[in-house]
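The values are calculated or read from the model by the stated rules, or taken from the named source; none is laboratory data. These figures come from a predicted structure and were not determined experimentally. Positions of Cβ are backbone-derived with ideal geometry, glycine not excepted, and every protein chain shown enters the neighbour counts.
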Amino acid sequence: MRILKDGEIWLINANIPEYLQANRFNHEPKRPRKLLLHRKQINKLMGAVDREGMTLIPLKLYFNERGRAKLAAGDRQGQEAARQARDREEARLGPGRRPPDAGAGIEILMPG
């Protein structure tokens, strides 16, 4: 996905296949598609992208009951930014200490 300067969000390089039963006026499968969003939604997504290392990721593409294509998207921190954040956290804790892993199980120590 790409955000252009005029405040529009476009889906780039997504392949929506042609409808086989359609006639000669079918659509081009890989054309850029403008996402129809409210201004508040666009501002929220643009704010997420403006943060360091964030990117928009299309999660799911589906058709609703009216036959319209819908796209579920999310924002995610890139690998490089995640590595830098991990390095900053390790530097904050001190040498040789690591932050606890997210989702790590509870370790139970039994006597004996």
Number of positions in the range 57-68 that are in contact with a Lys or Arg (Cβ under 8 Å, 6 or more places away or on another chain) and within 13 Å of Leu35 (Cβ to Cβ): 1
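Here is a check on your reading of the model: is Ile3 in contact with a helix residue (DSSP H, G or I) (Cβ under 8 Å, 6 or more places away or on another chain), at pLDDT 80 or above and surrounded by 12 or more Cβ atoms within 10 Å (Cβ to Cβ)?
Judged against the criteria, Ile3 is not a match.
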Residues located in the range 72-84, provided they are out of contact with any Asp or Glu (no Cβ under 9 Å at 6 or more places or on another chain) and either in contact (Cβ under 8 Å) with a residue 60 or more places away in the chain or part of a helix (DSSP H, G or I) (or both): Ala73, Gln79, Glu80, Ala82, Arg83
Residues being farther than 30 Å from Ala85 by Cβ, in a loop (DSSP other than H, G, I, E, B) and without any contact (Cβ under 8 Å) to a residue 12 or more places away in the chain - total across the range 18-71: 19
